[in-house]
Structures are given as structure tokens and as C-alpha cells.
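To start, the structure itself, in C-alpha cells.
The values are calculated or read from the model by the stated rules, or taken from the named source; none is laboratory data. Model, not experiment: these values are computed from the prediction. When we count neighbours, we look across all protein chains shown, and the Cβ atoms used for this are built from the backbone with ideal geometry, even at glycine. Areas reflect the complete protein model, heavy atoms only, side chains present, ligands, DNA and RNA absent. Shrake-Rupley method; radii C 1.70, N 1.55, O 1.52, S 1.80 Å.
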Amino acid sequence: MSKGYKITKITILSVVVLLAVLAVTLFTASGAQKKAKYLDPWKRDYFEQFEDPRLQVIAHGLLAANSHNLQPWKIRLDQQNPLLLYLYTDNERLALESDSLARQTLVSQGTFLEYMRVAGEQLGYPAEIVLFPDGEYDEQHLSESMERKPVAKITLSKASPQNNPLYEFMFLPDTNRMAYQPDEITSAQIRKLNKTNTDQDLILSILNDKADIEKFGAYGVEGTEIETGLRRMNDESARIFRSNEYQKNKYRYGFSFEGQGTTGWKKHLLQGLITIIPFLNNEEASTKLAVEAAQTAAGHTPSYALILSKDNSRTSQVKAGMLYSRLILTAHEEGLVMQPLSQVLQEYPEMHEAYGKIHREYAAAGETIQFLIRLGRPTQDTPLSMRREAVDLISE
């Protein structure tokens, strides 16, 4: 055996060993060996650990879509009535920069309530929901008002379980940001989706005209470009980005790589790299990825949906969230997925022009657009997102 051959063999072996060590280092930094406890609430039998029926429905409610995945829900259980509970907005879980008026936060209260309602019917604990039993918030003292006034009073009653066809679809991811198939939504599907709106104060529109699709796609890109061009918005997102399994198990809310559909070894590779070399996840790189994702979404969406309210009261915001949950569960039943495009509907100063433009065009009678939603058939599945424990929502 020649000396050169031995050196080459040693070199190759060294490279293999180095790559193996690097892979182990990255996957360890990612936390690949850790159990994903933050996904436990998605298990169908998760609620069964609780004897209290209120906790059983709460365990389903926390699966609902919510702004920034902040899960801004706080529950107070009545100490005298074992079937009575109150939902409050958690004023420590606000996106103060991007959701400066807390509109999306209140919409998120509605998504939670509707999931609770569906679960209660399925489990034999139908829910009577009264919104703002003590009146709406004092907007001049919003945070204190959130602490003092409940969003809803929920009274459960014992009844025979009723099969709700939407129940099984609660356990699917609420948002799919990937490209959608080009197939048009059928007329029958549109009729079924439109039936989810049972509130005369809300307007639901499914739009698949080519001109509308192009306009909404452009709004999605424009809103993303405006938001990602603002340092304070990027900083807000960065504060709730969970870069590895350790952080996801610790916090169980916020953003992660799964939000962009990244799974498997690629997810752990990226998590390991970002954990070891944090500056790789810089503002410029994140902005580029977000804009590219918006552009891809704009070019691969066959339909959009709008949810409008006749006013912009807190009650209407919550009702819009309840409708959104019914809409997404019905969409899942039809094999469809959705993604809300929230940026262009946000109320901070830099978004004012784009916000006004879309409202002048699609809410000319003075309505408020609560949701602009991509709608279509998926080209790929999207992972589940982090969720807190049901008991962590309980407040004294």
C-alpha cells in the first residue's frame, strides 16, 4: 500500500469523523433528543387527564389559531359553580408593536371560544357564552380593563354528547403558509363555507376572481415588506422566536422554524446552527425569507376569504374570531387549508396607507376587515405549533 494512499484514506476518515462530530454537535444544540412536550396538547386524549369539565374544554380551546401564537388567554374558574368559568385577555401577552390596538388579540379570544364551544358539544358539556358580561373595555385604560373585565362568561351544562362533525378537525394545524394547489374552490365548497356565518353583524366573502386574487396577493407582499422593513417589528418577532427544542419546551408559545413548514433533520440542522451561531438568524436574512414566502404565497393561491364586521367594537372582533374558527374547521372538513394575511390589516402608522387602500376597495361602506385569508388545497402538510398546558391558563 503506497504512502499516498494511506494519507488519502486517513484524510477521508478524518473528514467523515469531523462531519459526524459536527452533526452530533448541531443536533445536540437543537435538542433533537428532547421530547416535544410543547405538542402534548395536540394529542386527542390530552383532555382526559382532567376531571373538571371546564379544563376539558379549555384543553381544546388552546388549540385555536391565535395572533403571533402568544396564546393570550387567561381563565378564572368560579369557586362556587363547578360549570362556570370566565375568559379574560392576558394583558401580559400583547404584541404591542404590530397589534397596537389589540384588535388581533381580541379576535384570538373568539377563536378560543369557538373551539371550546365545539368541544363542549362533543363532550356533552354544551357552553352558553355571554360576551363582555361586565361591559366592553375602557379603551383609555385598556390593560387595566383587560385585567378587570372578562371577555366572556361561559356556563357549561350537562347533556348527552352530540357528535359535531367539526370536532376531529380541531387537531389539525390551524395555518398553512406554503404554496397551494391551483385547483379552484368549487361552488359547493363556497356555499358550505358561507354557511359558517350565522351572525348578521358579520360579512363573509369568498373571492376567486383573477383580479381579486392578484390584488390580495399584492397586498400580502406589500404588508410583509412594510412590516419586515421596521426594526421594532423585527425585534418584537425575534423576542418570541424559539430557536431550539429546549426553548420550545420552556416557553411553549411564539414562533419557530415549523411555522415555515420546516421539519425533520433540516429543522434540527437549522436549530443547531442558530443556537450555536445566533447571528445567522439576523434581520436581513429573516426579512428576505419572509418576503420570498409572501411572494410564493401570492403566486400560489386560488381563492381568498374576507371577514368583515359592520363596526369595530370589541364584541365584533371576538365574533369575527369565532367565525374564523368555524370557517377553518369547515375548510379542513373539505380538504382545504388557510392562512390569515394579517400585516396589511394592522393599525400602526407605517401601515396606514396600505390599510386605507384595502378598506376603500373592499369595505367601502365603512366596515372593518377583520380577516384577509388565503384559501386552497395544500401542496404539503405543515407542522403543529407550540401550545401551553391547559392548567397554565388558570388564574386565581
**OP:** Using a 1.4 angstrom probe, figure out how much accessible area the chain has per residue, in square angstrom, rounded to the nearest whole.
**Re:** 47
Original post:
What is the Cα centroid distance between the stretch 350-396 and the stretch 112-153, reported in whole angstrom?
Top reply: 19
**OP:** Measure nothing fancy, just the Cα-based angle from helix 264-276's long axis to the longest principal axis of the chain, in degrees from 0 to 90, nearest 10.
**Re:** 80
Original post:
Over the Cα atoms of the stretch 243-396, how large are the radius of gyration and the largest Cα-Cα distance (Dmax), in Å?
Top reply: 18.2, 53
Original post:
Counting only protein chains, not ligands or nucleic acids, how are Glu147, Glu258 ordered by accessible area (probe 1.4 Å), most first?
Top reply: Glu147, Glu258
Original post:
Using unit Cβ charges (K, R positive; D, E negative) and no other charged atoms, how large, in debye to the nearest 20, is the dipole of the stretch 223-298 about its Cα centre?
Top reply: 380
**OP:** Please provide three numbers in whole Å: the alpha-carbon extents of the chain along the principal axes, with the largest listed first.
**Re:** 86, 52, 44
Original post:
Under a 5 Å amide H to amide H cut-off, with H placed in plane at 1.01 Å, what residues pair with Gly124 once short-range neighbours are removed?
Top reply: Gln162
**OP:** Would you mind checking which residues have amide H under 5 Å from Ile394's amide H? H placed 1.01 Å from N; only 5 or more apart, or other chain.
**Re:** Ile75
Original post:
So what are the ³J(HN,Hα) numbers for the stretch 357-366, from phi and the Karplus equation (6.51, -1.76, 1.60; θ = phi - 60°), rounded to whole Hz, Gly and Pro as x?
Top reply: 5, 5, 6, 5, 7, 10, 9, 5, 8, x
Original post:
Counting other Cβ atoms within 10 Å of each Cβ, which trypsin sites (Lys or Arg not before Pro) in the stretch 149-251 have at most 12 and sit in a DSSP loop?
Top reply: Lys158, Lys195
Original post:
What angle, in degrees between 0 and 90 and rounded to the nearest 10, separates the Cα long axis of helix 3-30 from the longest principal axis of the Cα atoms of the chain?
Top reply: 20
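Under 37 °C and 0.692 mPa s, how fast does the stretch 84-239 diffuse according to Stokes-Einstein, given a Kirkwood radius computed over C-alpha pairs? Answer in µm²/s, whole number.
172
Shape call for the stretch 66-124 from the C-alpha gyration tensor, a ≥ b ≥ c root eigenvalues: rounded (a/c under 1.5), prolate (a/b greater than b/c) or oblate?
Oblate, since a/c reaches 1.5 and b/c is not below a/b.
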Original post:
Order of 112-123, 309-320 by packing, highest average Cβ count within 10 Å first?
Top reply: 112-123, 309-320
Original post:
What angle do you read, to the nearest 10 degrees and between 0 and 90, between the alpha-carbon axis of helix 314-333 and the longest principal axis of the chain?
Top reply: 60
Original post:
What does the charge count near Leu329 come to, summing +1 for each Lys or Arg and -1 for each Asp or Glu among other residues with Cβ under 12 Å from its Cβ?
Top reply: -2
Original post:
Separation of the stretch 277-348 and the stretch 209-276 by C-alpha centroid, Å?
Top reply: 12
Original post:
From the Cα gyration tensor of the stretch 232-273, with a ≥ b ≥ c the square roots of its eigenvalues, which class applies: rounded if a/c is under 1.5, or else prolate if a/b is larger than b/c, or else oblate?
Top reply: prolate
Subject >> Helix-only [θ]222 nm of the chain, DSSP H runs n ≥ 4, -39500 (n - 2.57) each, per residue, nearest 500 >> reply: -14000 deg cm²/dmol
**OP:** Return the sequence-ordered ³J(HN,Hα) values of the stretch 367-380 in whole Hz as given by the Karplus equation 6.51 cos²θ - 1.76 cosθ + 1.60 applied to θ = phi - 60°, using x for Gly and Pro.
**Re:** 6, 10, 7, 8, 9, 10, 10, 6, 8, x, 8, x, 9, 7
Subject >> Carbon plus sulfur fraction of accessible area for the chain, probe 1.4 Å, in percent >> reply: 54
**OP:** State log₁₀ I(q)/I(0) for the stretch 197-261 at q = 0.15, 0.16, 0.19, 0.22 Å⁻¹ as given by the Debye formula over alpha-carbon point scatterers of equal weight, solvent excluded.
**Re:** -0.78, -0.83, -0.89, -0.92
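Please give the net charge around Asn194, taking every other residue with its beta carbon less than 15 angstrom from that of Asn194, where Lys and Arg add +1 and Asp and Glu add -1.
+1
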